[in-house]
Amino acid sequence: MEASATKAEPRRNPFSSPMARFIYKRVLTFIPIMLIMSLLIFIIIQLPPGDYLTTYIAGLKAEGQVVEEAEIAMLKEQFGLDQPWYVQYFKWIWNIITDFNFGYSFDFGRPVWPVIAEVLPMTIAVSLITMLFGYLVGIPLGIYSAVRQYSLGDYVLTFIGFLGMAMPNFLFAILLMYGTYIWTGTAFIGLYTEEILLAVNSGAMQWYHVLVHPDFWARMTIPILVMGTDGLCGTLRSMRAQMLDELGCQYVLAARAKGVSEARIIYKYCLRAALNPTVSGLSGMLSKIFNGSTISAIVLNLQIMGPRLYDALKAQDMYLAGTILLVMGFLIVLGTLLSDIVLAWLDPRIRFEGRSAD
Amino acid sequence: MKRILSLALALLMLVGMIPMASAETAAYTQSPYLDGKELPAVADRLPIASDVMVEEMKEIGQYGGALTLLQGGSSKWGPGKPTEEALFRFNTDGTIEPNVAKGYDVNEDATVYTIYLREGMKWSDGVPFTSEDCRFFYEDLLIPGVTTKSVWEAMYSSDANGEDKTMATLEIVDDYTFKVVFKYPKPNFLKELAINGKWFFAPKHWLQDKIPGENYLSQEEADKLAAELGYSDVKSMGNSLTYYYWIVPGRPTLRAWTIQGDFEAELCTWVRNPYYWKVDAEGKQLPYIDELHFRRYSDAEQALLWTLDGTADISSVALADVETILNDATAAVELIEWSSVDWASNSIQLNQAIKDEDLRALFQNVKFRQALSIAVNREQIVELVDNGYTEAAQSAPAAGAQGYSEEWTKAYTQYDVAAAQALLEECGLVKGDDGFYYFANGKKVVLNLQYQDETHASLAELLKNDFTILGLETTTRMYDRSIMEEMRSANNHEVVINYESFSTVSLSLRPDYFVPFRDYCIWGTAFGLWYKNPANEAAVEPPADVKAMLETYDKMMAATTVEKRDEIAGELLAMFKDGLYEIGFSSALPAVYAIDANLRNFPDVAVDCDEFRNLGIANFAQLWLAAE
Amino acid sequence: MTMQEKKALRAQQRAEKQRKKEESYYLASQWTLMARKLGRHHLARVSLVILAILYLSALFADFIAPSNLTAYNSKAQSLPPTQIHLFHEGEFIGPFVYESAWETKKMSVKEMQAAKKAAQEAGIPFSTKQIVTDTTTPHKLRLFVEGPAYKWLGLIESNIHLFGTESGVGVYLYGTDTMGRDLFSRLLLGSQVSLTIPFAGTAISFVLGILLGSISGYFGGKIDNVIQRVIEVLNSLPSLPLWMALSAAIPPNIPPVQMYLMITVILSLIGWTGLARVVRGKFMSLKNEDFVVAARLAGVSDMKIILKHLVPGFMSYLIVSLTMGIPGMIIGETSMSFLGLGIQAPATSWGVLLKEAQSVTNIAQNPWCLIPLIYVVIAVLAFNFLGDGMRDAADPYK
């Protein structure tokens, strides 16, 4: 009976549902936004006076090299820097759209994409590990802090959580590095020891061996402490605030009156609701994973995306910097799009925005 | 009887010769690192006995170990300079000696140089190194412009008036001899080659299928190859394979080590070259050290930590960090002090071609520069900026360099604000009611001090203080290095602190930063443009004293003998003494290196400069690590 | 009055007091309620006091600091904090200090290295410098001593400082830096910049965020769409390159602090997006409330509805986000100084002081250079706890 009923339903136009129309509209605006963004990025990169050539020459002079004028003229032509900026921009965008060719990095002398791709795994690994640390430690601490509000434990935890956020990362990092030198006689600079690096270079160790190597994790503690404490603090506070809100709700009182165990109340009911803002904060995570923290990475000698972008910007290596920024922007816009879709699915009012004013 | 005796004697001599002959071939030994690798015998890898280079050194060393050095940025000269092997190289006393070349002859008027190479010398892949490799480099790479570099200045000669600049030609005599023929006398050729020419050879057997040219690839084939190998174009490929070649794995070189890994990696390994052509006095094939490790750092503090904890075997140390290292009881490093060729450790240069007309007239007035010089409290700078490691001094050549005089070093170094103000008034400036000086036309005199490194911030502060007390309004600002360079090339710089300051091992060999014959020196960038082409819009005509300097420079470059050239250099130096083109405040800082306490044969005394390839003067092939 | 009457009177007075209290509670404005609740939050109270101390000392920094920013002294380089003694040779004479200096023999690097080697072989501990204190002459500390001249707020000239020695011997509470300047003075004078500039940036973002967020949320439709897209684009603009570009593009004669202010202002013109999104969200849920419909029907203009009816409703939340934004800008300033883009020497700010501390040499040899770190942490924590307290206080459900 029911089967025939469903079969009898007329075929629906996929674009007729308001949800689909909403998605369609948002995706349409995607392309013009990306184009405007790429233009703005390119302009910002070009804003400082000079270009890669001046960086290059300044660098050579710093080593006492004498650069001949003929060479400067040749380099200018070779880098394409003798053309006006809009021509450079147009060529770059055209190559990306038609060819997926992101241009050449002047500094590295190689195509841009491999330069980005080679630091991508470690960037993602470091970001994921520090973010996981933030969540895995922040959520339980937040719950504890909310359940035992105003207790000594609450104050101590909140204080420690805040401390991590209040410390400027670069100073924290160098203090920890110096500390490891004082305590162990070897400074924990970078993620790998000499043994690991030599073994990886010779092919004796693969990346999965590195990830389980104890020396790697010993060194990983510094980035986790420096870069993870910001996220930890945010998660702790948000969890604490949300849990407090939830614990004050009527249904909790009712459940307690009914005799439901405290643990069940906390973990089964309040926690789920309290995780809401944390989960919706995940939309910004996409771009954060890609980028990671720049300043801490420079101080700690981590070869990840942040320092690479910073170096490219300083040297005015415009295609490399432009591509990294473009990808970051893309991820942000994508993240917003996804989170908007999810929110629209949850809250019907948003789907109908733009229709009537109520 | 006599016949038997003489026969016996002859037999004895013959018999005695045999062990000597075999001793000669059996005398070479190789590092255990190479044992078990399928290589020809040592003697076959080295040049013939009479041509092999025997390195002189303090102590005969032992094989083994890896030397760790630090790499800070993307500069390829980090590994390039210590491992460089040029035709002729410098000694610590500034003379040159044969290196890749075995020796040379020069004719009477210094127009023909005959260079002798070493027979049996091989590239790092075992292919013989011959004069054809030198000709290939000059005629098929340098002159056609396979790279973006232009032909070395060292290869040109001009007539007595500095005109008719002509390129030298090569004549191959045989596999191991070639001649460099100049149209006009070129007395300093070898030294100039050692400084600016660097090397003069390239592996033809390896490059011949990778470069464009008449007998090589066509332009399309070269484009295709460049794209395949991942270069943006053919010129980039040329630069990488023929100029910055040492970071290309697999490219044959003559260096003691060859790169094995990726230059950009966190740890880059260089492995010994089994065909290296030098031995020590006991016949051990050099280098002693088996591997070089280059560790990357992104922040100077990491370099210091690596020096303290012993990871780095040789590293450069800033003077501010010297005490940290000495006060650390566990740091197993020794500090070595080399002298530098800077004329001053802290100095300023005034852009005498500055766009503002009033300031230009003022900056070109030597009395103004004298006023600035005596208005500065040098003692304070020595204590606060240099931590007492220097002395109050004027910008002048150091003791031992040509032109040095006690008088010059102390010229205009007294601290006398009143006398300075009197000089300002002699320049036509008028003191206003607010205590600051104005031009006669009522405009206020404003000095913009510019610097490109944050370590100069304290010097800028102190100078600003001193000049304000003098009565000149001063501002200070830091610029990123590349922006500073951009400003300089656009002639927008004004008073520049510690940027491309006077520094040279010899004015006659490298006058680029001193004399404005091209747009290089800070104090006269636009003058250099005028020298090249007076019609250039951006050029500024120099005043009389600078024109006299340029004429003297021309005469110096056209000198036919070394003595004449040095004599005219002396005239130039006298102009610099009187001209105060750079105002210096403290004597040059030494260059300090921290070396592993077990490292041997590292020179205690040397001059640290680019002409001598900085660390390269230590001759890395002769360094060795003693066991703990 | 009889005993009974007295008792009755007292009871009446107590009841009256109670009634007044309740009345004031129920009739109190939103702000009074918030303030009262805030007062009960311990951490927030302490934070408020700490911030008041920091800002007051920044205001009177010229007076409180015994020295100033240009007091270079080659004899007092990198001195540890001066000890304040009370007993001189057994006698109590009140607080005083001794004069200290480093004993240095001017040696070259070579000579020092040789001396170290000799000391190591002999088994003696080696140090390049010794501190020498002249314990024969006590220099008494006085209040309101004469010191370097200054112009308070650029208006009032004076040379009286809160404390110091009459003889002019340096009192270095936090030690000196490598140029011989008193760190305590630099810290106080630097706080003038570090504690006030964040307000400028936050204020601009605040105003823009409320304005644009409310317009976007209230009107909805096309306007909302456009503003949302603009927010998206601005959000994806990376701050680091913008900082670098702006730092480089600003002309040379502008002093560092003004340059930093300009850049902060420019960036605030971009940084309002977070607040705007939240305001928009709240507006979208509130705009269909009855009181809004009523106001519209009554003919009140849209702008007035936004500003007078809707915004005050969640003003508490906005104040909280304002308080939370400031510590971010304080840390941001230190980060910018680290990268060399923000305030640079010779100007002084907390970021500059932290940048000087960012060096193994300073940490190892002059550890007192880390004291500004404590100040930064305390300021940031204070703002955060205050913000937390205000958020709790603004919550109507507690």
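The values are calculated or read from the model by the stated rules, or taken from the named source; none is laboratory data. Values in this document were obtained by computation on a predicted structure and should not be read as measured data. In this analysis, Cβ positions are derived from the backbone assuming ideal geometry, glycine residues included, and neighbour counts consider all displayed protein chains. Ligands, DNA and RNA are stripped out before the accessible areas are found, and what is left, the full protein with its side chains, is counted by its heavy atoms. Shrake-Rupley method; radii C 1.70, N 1.55, O 1.52, S 1.80 Å.
Worth a mention:
- Centre separation in Å (Cα based) which lies between segment C:95-115 and segment B:389-461: 30
- Residue B:571-residue C:53 pseudo-label distance in nm [points 7 Å out on the Cα-to-Cβ vector]: 7.4
- Candidate cross-link partners of residue A:258 among the lysines, defined by an alpha-carbon separation under 18 Å and a same-chain spacing of 8 or more, comprise A:268.
- For segment A:120-303, the Kirkwood radius over C-alpha pairs fed into Stokes-Einstein at 20 °C and 1.002 mPa s yields D = 117 µm² per second.
- Taking the Cα centre of segment C:197-394 as origin and assigning +1 to Lys and Arg Cβ atoms and -1 to Asp and Glu Cβ atoms, the resulting dipole is close to 440 debye.
- When the solvent-accessible area of chain A is split by element, carbon and sulfur atoms take up 67 percent of it, the probe being 1.4 Å.
- Cα convex hull of chain A - mean projected area over all directions, nm²: 29.9
- Taking each of B:191/B:235; A:25/A:76; B:186/B:577; B:76/C:75; B:122/B:165; B:555/C:110 in turn, the alpha-carbon distance tops 32 angstrom for A:25/A:76; B:76/C:75; B:122/B:165; B:555/C:110.
- Cα coordinate range in segment C:197-394, projected on the principal axes (Å, largest first): 72, 40, 25
- Whole-percent carbon and sulfur share, accessible surface of segment C:197-394, 1.4 Å: 70
- C:282, C:20, reordered so the largest accessible area comes first (probe 1.4 Å): C:20, C:282
- The C-alpha atoms of chain B occupy a region whose extents along the principal axes are 111, 65, 62 Å, arranged from largest to smallest.
- For the pair residue B:3 and residue A:39, label points projected 7 Å from Cα toward Cβ lie 11.1 nm apart.
- Applying the criteria of a DSSP loop state and at most 10 other Cβ atoms within 10 Å to the GluC sites (Glu not before Pro) of segment B:205-290 yields B:214.
- Peptides A:46-56, C:126-136 ordered by average Cβ neighbours within 10 Å, highest first: A:46-56, C:126-136
- Estimated at 0.36 nm per residue, the fully extended path between residue B:161 and residue B:561 surpasses their Cα-Cα distance by 142.6 nm.
- Within the protein assembly as shown: Cβ-based charge dipole about Cα centre, in debye rounded to nearest 20 (Lys, Arg +1; Asp, Glu -1): 7860
- Rounded to 10°, Cα long-axis angle of helix C:371-394 versus longest principal axis of chain C: 10
- Carbon and sulfur %, accessible surface of segment B:85-242 computed with the full protein complex present, 1.4 Å: 46
- In this calculation the C-beta distance from residue B:93 to residue B:27 is compared with R0 = 45 Å, giving a FRET efficiency of 0.90.
- Computed Rg/Rh of segment B:346-586, alpha carbon atoms with Kirkwood Rh: 0.95
- Averaged over its residues, the protein assembly as shown has an accessible area of 44 Å² per residue, based on protein heavy atoms and a 1.4 Å probe.
- Computed from the Cβ-Cβ distance with R0 of 25 Å, the FRET efficiency linking residue B:34 to residue B:54 stands at 0.80.
- Spin-label zone in segment B:581-606 - amide nitrogen under 14 Å from a point set 7 Å from the Cα of residue B:453 along the C-beta vector: B:588-592
- Here the convex hull built on the C-alpha positions of chain C has a volume of 291 cubic angstrom per residue.
- Cross-link partners of residue C:308 among lysines (Cα-Cα below 22 Å; sequence separation of 8 or more within a chain): C:282, C:287
- Inverting the pair-averaged 1/r between distinct Cα atoms of segment B:85-242 gives 16.7 Å as its Kirkwood hydrodynamic radius.
- Between 0 and 90°, nearest 10: helix C:3-27 axis offset from chain C longest Cα axis: 90
- Rg then Dmax, both in Å and based on the Cα atoms of the protein assembly as shown: 36.8, 166.
- Residue with peak Gaussian network fluctuation, chain C [Cα springs, cutoff 10 Å], from C:272, C:243, C:152: C:152
- Span-like helix criteria (full DSSP H runs; alpha carbon extent of at least 27 Å along the helix axis; mean Kyte-Doolittle hydropathy of at least 1.0) are satisfied in chain B by B:2-26.
- When DSSP beta bridges are restricted to pairs lying wholly in the protein assembly as shown, around 80% turn out antiparallel.
- Computed from the C-beta positions of residue A:206 and residue A:342, the FRET efficiency with R₀ = 30 Å rounds to 0.20.
- Each DSSP beta bridge with both residues in segment B:346-586 is either parallel or antiparallel, and the antiparallel ones are about 60%.
- Once each of the trypsin sites (Lys or Arg not before Pro) sitting in a DSSP loop with at most 11 other beta-carbon atoms within 10 Å is removed, chain B keeps B:59-442 as its longest stretch.
- Using θ = phi - 60° and Karplus 6.51 cos²θ - 1.76 cosθ + 1.60, couplings along segment C:143-150 (whole Hz; Gly, Pro as x): 8, 6, 8, 7, x, x, 6, 8
- Rounded to 10°, Cα long-axis angle of helix C:315-339 versus longest principal axis of chain C: 30
- Contour minus Cα-Cα distance for residue C:307 and residue C:225 (0.36 nm per residue): 27.4 nm
- For segment C:1-103, the set of GluC sites (Glu not before Pro) satisfying both a DSSP loop assignment and a count of at most 14 other C-beta atoms within 10 Å is given as C:89.
- Amide H partners (placed H, <5 Å) of residue B:278, local residues excluded: B:286
- Normalising the Debye intensity of segment C:155-288 to I(0), with uniform scatterers on Cα atoms only, and taking log10 at q = 0.10, 0.19, 0.20 Å⁻¹ returns -0.56, -1.09, -1.15.
- Once backbone amide H atoms are built at 1.01 Å from N, residue B:623 has B:288 as its partners under 5 Å, excluding neighbours fewer than 5 places away on the same chain.
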